[in-house]
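The values are calculated or read from the model by the stated rules, or taken from the named source; none is laboratory data. Keep in mind that this is a model prediction, so the values were computed, not measured. Cβ: placed from backbone, ideal geometry, glycine included. Neighbour counts: every protein chain shown.
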């Protein structure tokens, strides 16, 4: 067998019944050309004659053909071992057997573009109206490790990576049941991306799955580069600051939600997973809550929910007290607060905005810089700026304390999207409190609660189990009761089977009976 570079092919006019290469992603199917050289020209034009498209002519006795692959997407060692070596060793009589046993046969040139972009090597044989494909993709996978933004003290430390098949393997390995179903969906008009729905066939609500498919099918976009695009296209209300789809990179978190009847969506090329439907309280749950004593887990979760009230309202309360309601301060605090704000040239609102925006700038700089420098910027920047503005008489000591407590409370929320929403909401409340005092805070809080009550996530009430009120689901909201109390799955998941366990501590019941 001899490998030679192919001759230069002149561009020829295609038949009217066939597509141009630019329309290769359309629904109309393009059949093989009668002349193999024209098929090669078609593929070259479809890829704009890119330099990484390799076309090699193969001659083996009476058999001629072309080997086509993208050099940037394939592994040269796999090509040599799995393709060239078997073809060179095969005789003309056994060449067809080698192709059918190793390669996948395809009939339409439209499929050639998809196969090449997925890392396959194509083999075109002269005189045949089909071609053969074998996946020899270059594998550069990142090792499985714990997500840096969702670290836990105890429990699993596995997180998703950018390789789609690896993520599906991690879920399947952690949830070993034949009821686990994987369903692939494609989205993207020009550059298709593969989504995979992962759910338990015996638990997941079919209406939610169909609703997700309907929203995806009615989405028209050229490309979905990340989960953020998909999330905004399919969520119920894009004008809400609250996330309505839970985003996570932790495998154990995904498995826990699947076992409750929810549906997870994994995106090709993204180390992330979207979970639907979810409620407001799902964003405050952490795997550590279930790996520690239930009283400790309940205490920590209560602190997280309390941190919302602190992060949203504390700066607004400070502004309202200084501007309108100074009389609510205890007598012991009046003199210290007055002495702190006496020589400050700014009103409370401007003072609070300066410090809050400074904290946000320090946070953004810490995120964008390398990890070692970012930590230094965060610590040094906070200490130096805080001390300098107080010494300069621009900001009061009391405001520094308020801003510090607010920042700590906002960052105690375990999910970043909800933490961002909480940090954003404090600015409208600050404006309301500077205008109407405590009345403005009450109006803003009522508006936020009303918005939470009317919000939905794929038809599920977002503020459940409080609105509508469901007593049996309170056991896993702001507190976490013992695991043996979780006899039923949450009602908001609309699972096919709500029963979760009959009697988790049957041994204790039997022990009492014997006594």
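Observations on the structure shown:
- Scanning segment 187-205 for residues being surrounded by fewer than 17 Cβ atoms within 10 Å (Cβ to Cβ), closer than 18 Å to residue 276 by Cα and without any contact (Cβ under 8 Å) to a residue 60 or more places away in the chain gives a total of 1.
- Checked against (1) over 27 Å from residue 178 (Cβ atoms); (2) in the same structural domain as residue 185 (by TED's automatic domain parsing); (3) surrounded by 15 or more Cβ atoms within 10 Å (Cβ to Cβ); (4) touching a strand residue (DSSP E or B) at 6+ places or on another chain (Cβ under 6 Å), residue 298 passes all but condition (2).
- Candidate set from segment 116-132 (those that are part of a strand (DSSP E or B) and more than 32 Å from the chain's Cα centre (by Cα)); member that is nearest to residue 70 (Cα to Cα): 122
- Subset of segment 252-262 (residues that are surrounded by 23 or more Cβ atoms within 10 Å (Cβ to Cβ) and more than 20 Å from residue 231 (Cβ to Cβ)): 261
To keep it simple, each residue is scored yes or no on (1) at pLDDT below 85; (2) farther than 24 Å from residue 346 by Cβ; (3) not assigned by TED's automatic domain parsing to the domain that holds residue 250.
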| site | (1), (2), (3) |
| --- | --- |
| 373 | yes, yes, yes |
| 377 | yes, yes, yes |
| 384 | yes, no, yes |
| 390 | yes, no, yes |
| 412 | no, yes, yes |
| 423 | no, no, yes |
| 426 | no, no, yes |
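- Flag: residue 361 does not match the condition of being without any contact (Cβ under 8 Å) to a residue 12 or more places away in the chain, surrounded by fewer than 18 Cβ atoms within 10 Å (Cβ to Cβ), in the same structural domain as residue 423 (by TED's automatic domain parsing) and over 30 Å from the mean Cα position of the chain (by Cα).
- Residue 492 vs. criteria touching a strand residue (DSSP E or B) at 6+ places or on another chain (Cβ under 8 Å) and in contact (Cβ under 8 Å) with a residue 24 or more places away in the chain: yes
- Residue 121, sole failed condition from (1) surrounded by 15 or more Cβ atoms within 10 Å (Cβ to Cβ); (2) out of contact with any strand residue (DSSP E or B) (no Cβ under 8 Å at 6 or more places or on another chain): (2)
- Residue within segment 477-489 that is surrounded by fewer than 20 Cβ atoms within 10 Å (Cβ to Cβ) and within 13 Å of residue 277 (Cβ to Cβ) present: no
- Residues (in a helix (DSSP H, G or I) and touching a residue at least 24 places away in the same chain (Cβ under 8 Å)) located in segment 449-489: 451, 452, 483
- Test for residue 362: is it modelled with pLDDT of 85 or more, farther than 19 Å from residue 418 by Cα and assigned to a helix (DSSP H, G or I): no
- When the residues of segment 166-182 are filtered to those that are surrounded by 11 or more Cβ atoms within 10 Å (Cβ to Cβ) and without any contact (Cβ under 8 Å) to a residue 24 or more places away in the chain, the one that is nearest to residue 370 (Cα to Cα) is 169.
- Within segment 1-78, strands (runs of 3 or more DSSP E) holding 3 or more residues that are modelled with pLDDT of 75 or more: 53-60, 63-70
- Elements of type strands (runs of 3 or more DSSP E) in segment 179-288, at least 3 residues being under 16 Å from the mean Cα position of the chain (by Cα): 193-200, 246-248, 263-267, 273-276
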